[in-house]
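This report refers to the structure that appears directly beneath it.
The values are calculated or read from the model by the stated rules, or taken from the named source; none is laboratory data. What you see is a predicted model; the values in this text were computed from it and never measured. Virtual Cβ from ideal backbone geometry, glycine too; neighbours counted across all protein chains shown. We work out accessible area using only protein heavy atoms, side chains counted, and drop any ligands, DNA or RNA first. Shrake-Rupley method; radii C 1.70, N 1.55, O 1.52, S 1.80 Å.
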Amino acid sequence: MARLRPYTHLRRADPVLAALLDEHGEPPLREAVGGAGGPFSALVRAIVGQQLSVLAARAIYGRFLEFCGGTPPTPQQILDADPDAMRAAAGLSRAKTGYLRSLAEHVLSGELELDRVGELGDDELIAELTAVKGLGTWTAHMFMIFELRRPDVLATGDLGVRRGAQRAFGFAGLPSHDELSALAEPWRPHRSAACLLLWHSLSNAPG
């Protein structure tokens with residue numbers, strides 16, 4: 001039997017998601033976060049944007065690129081740059097500057113081999129990414145969904161996914177990791193698409 005398209009599967013698997021699709025339509029496709037810079041650039045951008053609004057993250061990343069000469073930097077360029085100058089020019093915190101250097105060190109040492117991330121299973125990839133200071137499970141999930149386009153990632157720690165599920169499924173509060181994991185079992189093997197739909201439903205919600 002041919003595999004169903006992600007949203008066709010979700011529509012058949014869960015009547016609540018079917019209702020969200022009727023109300024909001026399918027989420028628009030998004031470009032890979034790293035763009036021409038690839039996986040390393042995507043992780044750099046994730047670190048720069050941590051705990052910031054979309055607009056603030058975009059502004060700081062823009063200043064960071066200006067500091068790097070207008071293009072996404074290589075790991076060696078990050079390590080060669082003066083940390084204080086980079087921090088001041090881009091408006092980065094001291095902690096994020098350290099995280100960027102940690103990422104660059106892991107890539108250059110071979111501890112994180114970004115050219116073979118596609119070969120790793122989800123759990124192994126998460127373990128390798130979270131070994132880098134400043135990269136947590138949430139960042140790993142976002143990298144897997146938006147950069148690697150893995151189809152069955154459930155971002156249980158993402159506030160937007162939890163809020164979308166709370167609103168759609170009538171939870172009294174934000175669902176826990178275990179509650180969301182149990183809820184999402186019928187969504188396999190397209191849980192990434194379900195996350196996109198829950199985010200999309202929030203962005204289109206009235207008020």
Filtering the range 64-76 down to residues that are in contact with a helix residue (DSSP H, G or I) (Cβ under 8 Å, 6 or more places away or on another chain) and in a helix (DSSP H, G or I), which residue is nearest to residue 136 (Cα to Cα)?
-> 75
Unmet requirement for residue 74, which otherwise passes all of (1) open to solvent by 40 Å² or more (accessible area, probe 1.4 Å); (2) touching a residue at least 12 places away in the same chain (Cβ under 8 Å); (3) over 25 Å from residue 113 (Cα atoms) = (3)
Close pairs from the range 88-111: first open to solvent by 40 Å² or more (accessible area, probe 1.4 Å), partner among the aromatic types (Phe, Trp, Tyr) and part of a helix (DSSP H, G or I), Cβ under 7 Å, at least 6 apart = 89/67
Out of 29, 79, sole residue that is open to solvent by 40 Å² or more (accessible area, probe 1.4 Å) and modelled with pLDDT of 95 or more | 79
Conditions (1) within 15 Å of residue 194 (Cβ to Cβ); (2) open to solvent by 30 Å² or more (accessible area, probe 1.4 Å); (3) without any contact (Cβ under 8 Å) to a residue 60 or more places away in the chain: number failed by residue 138 | (1)
Output yes when any residue across the range 18-30 is in contact with an Asp or Glu (Cβ under 9 Å, 6 or more places away or on another chain) and small (Gly, Ala, Ser), and no when none is.
-> no
Report yes if residue 130 is open to solvent by less than 10 Å² (accessible area, probe 1.4 Å) and over 16 Å from residue 6 (Cβ atoms), otherwise no.
-> no
Every residue from the range 32-59 that is surrounded by fewer than 18 Cβ atoms within 10 Å (Cβ to Cβ) and either modelled with pLDDT of 95 or more or part of a helix (DSSP H, G or I) (or both) = 35, 36, 38, 54, 55, 56, 57, 58, 59
Evaluate the following for residue 152: is it surrounded by fewer than 16 Cβ atoms within 10 Å (Cβ to Cβ) and over 20 Å from residue 61 (Cβ atoms)?
-> no
Could you look through the range 132-155, keep only residues that are assigned to a loop (DSSP other than H, G, I, E, B) and of a type in the set (Val, Ile, Thr), and pick out the one that is farthest from residue 102 (Cα to Cα)?
-> 153
